[in-house]
Amino acid sequence: MDIIHKIGRRKTAVARVYVSEGKGKITVNQRELNDYFPTATLQYKVKQPFTLTENDGNFDVKVNVFGGGITGQAEAIRLALSRAMVALDEENRSVLKPEGLMTRDPRMVERKKFGQKKARKKFQFSKR
């Protein structure tokens, strides 16, 4: 098996994932997964595609991720890994799609409009 390269996005975070056969080592920006994502929730989100497809410890993963916050980055990695699992075996799609892992979350921050404080919040209105 050669290296599978996939991209995942979430908000402004972009993750490039390189999956190859190995012992299950996940490296994010040249750091261990546990160092980069300190909380168990984020580590679970990253490993979710492997857990659902029963591929824990079968692949080494090298990730380059930038932009956004840590939650957005974790979910971008999750989408990229899900796409890689489907590229590996098309039957994985039937497992990952019902869990919502194959869907790119389209929600983005709404832009600030001129004449307003924020995207929707207005300056205080004075009648008199």
Is it the case, given these coordinates, that Asp2 is loosely packed, with under 14 Cβ neighbours inside 10 Å, free of Cβ contacts under 8 Å to residues at least 24 places away in the same chain and assigned to a helix (DSSP H, G or I)? no
Among all residue pairs at least 6 apart or on different chains, which show Cβ distances below 9 Å where the first residue, located in region 35-61, is of a type in the set (A, V, I, L, M, F, W, C) and the second is surrounded by 16 or more Cβ atoms within 10 Å (Cβ to Cβ) and assigned to a loop (DSSP other than H, G, I, E, B)? Val46/Phe37; Leu52/Leu101
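Listed here are the residues, each with its yes/no results for (1) in a helix (DSSP H, G or I); (2) at pLDDT below 90; (3) more than 18 Å from Ile3 (Cα to Cα).
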residue	(1), (2), (3)
Val46	yes, no, yes
Asp56	no, yes, no
Asn64	no, no, no
Thr71	yes, no, yes
Leu81	yes, no, no
Met85	yes, no, no
Met102	no, no, yes
Which residues, counting only those in region 12-46, are within 22 Å of Met102 (Cβ to Cβ) and in contact with a Lys or Arg (Cβ under 7 Å, 6 or more places away or on another chain)? Val17, Tyr18, Lys45, Val46
Among all residue pairs at least 6 apart or on different chains, which show Cβ distances below 7 Å where the first residue, located in region 108-121, is farther than 17 Å from Arg10 by Cα and the second is surrounded by 11 or more Cβ atoms within 10 Å (Cβ to Cβ)? Lys118/Lys112; Ala119/Lys112; Ala119/Lys113
For Val95, indicate whether it is touching a Ser or Thr at 6+ places or on another chain (Cβ under 9 Å) and assigned to a loop (DSSP other than H, G, I, E, B). no
Go through region 25-55 and give me each residue that's crowded, with 18+ Cβ neighbours inside 10 Å and aromatic (Phe, Trp, Tyr). Tyr36, Phe37, Phe50
Scan of region 6-35 for residues that are among the hydroxyl-bearing types (Ser, Thr, Tyr) and either assigned to a helix (DSSP H, G or I) or touching a strand residue (DSSP E or B) at 6+ places or on another chain (Cβ under 8 Å) (or both), ordered by number: Tyr18, Ser20, Thr27
Going through region 7-26 in order, the residues found to be under 12 Å from Phe59 (Cβ atoms), under 14 Å from the mean Cα position of the chain (by Cα) and not aliphatic (A, V, I, L, M) are Tyr18
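The values are calculated or read from the model by the stated rules, or taken from the named source; none is laboratory data. None of these values were measured; they are calculated from a predicted model. With ideal geometry, Cβ positions are generated from the backbone for all residues, glycine too; neighbour counts draw on all protein chains shown.
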